[in-house]
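Nothing in this text is a laboratory measurement; each read-out follows from the coordinates by a stated rule. What you see is a predicted model; the values in this text were computed from it and never measured. Note that each Cβ is placed from the backbone with ideal geometry, even for glycine, and that neighbours are counted across all protein chains shown.
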Amino acid sequence: MAGRASGRRQRVLGRDPAVAQAAVTPNLTARYVFEGRKGNGYAYNVALAQTRGKVLLFTDDDIHVPVNWVEGMCRPFLEGAAHAVQGGIAIAPHLDRPWLKGALRIWCASVENPAWASPGLVGANMAIGRQATEAAGLFDLRLGPGAAGYFDDTVYGWAVAKAGLTVLFRPEVTVEHHFDPSRLGLPAFMAAARRMAASRAIVDRDANPTTHPPSVMMLIAQFPGLAARFLIQAAKLLISGEPDAGFVVRDYDYQLWHALRRAG
């Protein structure tokens, strides 16, 4: 979902009218724009084309925003301090788990550490100015939810930074991520690993089109670590049912090897 607030006008774009209406700030008028094609990139690109404001503010339909969200994300643009802003993203308290750390936490779109800015941008809480959209162009339709799965927002943030523009991290403007609890299960993390690997293969091939596919020896070298973490994961499933970050990361590496081989 993408929104733009300027003066007393707000534009909300998405695929579900009920969700879009709920996202509208009560004291603002709104124009709802429907985009039915599958893929986040289509909705994002329609937002770029349909809006006329100086700043585009992006979030998702499972996000709860604070009362100061619009002001907090847009003020750096008014002050000339940023061309794009990444806000904080906290996991909703009822979804947090003691084991949800490291890669597993990041894969739930957590952007909480003030000392660590996420590479690129994370669409659940980002704002992009017009100078940045003119420099970065359109979102890649091959990436993101509804397509390969990931990296549409990340790559866009990289493009903004590559153009020499400022991407400001504002962790104090934090939204809450209320994702489906099923995402905390091992099957969901393994599915995410496959989609993330497929997405990363597209990005890597674009960046280095002449690079040779990874060798079989590189795959064989992964087996000892993957096997060890598999045993740890099996034990954790029996004892507590929780995913193991080390196993999920090694599964991602394994999936990435296959994705890069398929990409040629």
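Couple of notes before you dig in:
- Whether segment 43-97 is rounded, prolate or oblate, judged on the alpha carbon gyration tensor where a/c under 1.5 counts as rounded: oblate
- Projected area averaged over orientations for the chain, convex hull of C-alpha atoms, nm²: 15.0 nm²
- At least 18 Å along the helix axis (C-alpha) and Kyte average at least 0.5, DSSP helices within the chain: 216-239
- Segment 82-143 - Kirkwood radius from inverse mean 1/r over Cα pairs (Å): 13.4 Å
- Peptides 231-242, 165-176 ordered by average Cβ neighbours within 10 Å, highest first: 165-176, 231-242
- All distinct Cα pairs of segment 185-263 go into the 1/r average, and the inverse of that average, the Kirkwood radius, is 13.3 Å.
- For segment 35-156: rounded, prolate or oblate by the Cα gyration tensor [a/c cutoff 1.5]: oblate
- Spatially proximal lysines relative to residue 38 (Cα-Cα < 28 Å; intrachain offsets below 8 disregarded): 54
- Between the alpha-carbon centres of segment 185-260 and segment 106-125 there is a gap of 21 Å.
- Among 65, 216, 55, a tally of other beta-carbon atoms within 10 Å of each Cβ gives an order, fewest to most, of 216, 65, 55.
- Two numbers describe the Cα atoms of segment 122-264: Rg and Dmax, which are 17.9, 53 Å.
- Gyration tensor verdict on segment 85-196 (Cα atoms; rounded if a/c is under 1.5, prolate if a/b is larger than b/c, oblate otherwise): oblate
- A protection proxy built from the mean count of other Cβ atoms within 10 Å ranks the segments 111-123, 188-200, most packed first, as 188-200, 111-123.
- Summary of packing: across the peptides 135-141, 100-106, the per-residue average of other C-beta atoms within 10 Å ranks them, highest first, as 135-141, 100-106.
- Cross-link reach list, lysines versus residue 236, counting only Cα pairs under 22 Å and skipping chain neighbours closer than eight places: 101
- Helix-only CD estimate at 222 nm, as mean residue ellipticity for the chain, using -39500 (n - 2.57) per DSSP H run (n ≥ 4): -14000 deg cm²/dmol
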